[in-house]
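Remarks on the structure that follows.
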Amino acid sequence: MSPVLTESLVEDAVLAWLEGLGYAVLHGPAIAPGELAAERTGYGQVVLEERLRQALWRLNPELPAAALDDAFRKLTRADAPSLVERNRGAPRDTLLPKLVSSELCAEAAERIVRRCV
């Protein structure tokens, strides 16, 4: 008989995989609202904003603060009705215009894409 696939089984497998890749894994209750290490003000806040800001800075240390703030706003603002549509448009809407305007060089764009894959 094959094992039953449950949400917790999948979640545990993904967390173990991410931890194996070097990601820090914390369980939800440890960073829940009201806890000592809380990272969100309520359960409706899905994006851990401080972590996102730190990751943007760590991945793009050469960008000015204004560009990082702009990237943060674009990542946290819903500009399409579904997540799938937002994900499809992200590279086109961010990298391509910057390449065309020479705001970003091809080498830097390739570096960004490599980090994302």
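Could I have the simple spin-label model distance between residue 17 and residue 49, label points 7 Å from Cα toward Cβ, reported in nm to one decimal?
Computed distance between label sites residue 17 and residue 49 equals 3.1 nm.
State, in angstrom, two size descriptors of region 1-45 derived from its alpha carbons: Rg to one decimal place and Dmax to the nearest whole number.
So, for region 1-45, Rg and Dmax equal 13.8, 44 Å respectively.
Using a Förster distance of 35 angstrom, determine the FRET efficiency expected from the C-beta separation of residue 108 and residue 35, and round it to 0.05. List each step's numbers first, then the result.
Working: r = 39 Å, r/R0 = 1.11.
With R0 = 35 Å, the Cβ-Cβ based efficiency is 0.35.
No value in this document is a laboratory result; all are computed from the given coordinates. Model, not experiment: these values are computed from the prediction. With ideal geometry, Cβ positions are generated from the backbone for all residues, glycine too; neighbour counts draw on all protein chains shown.
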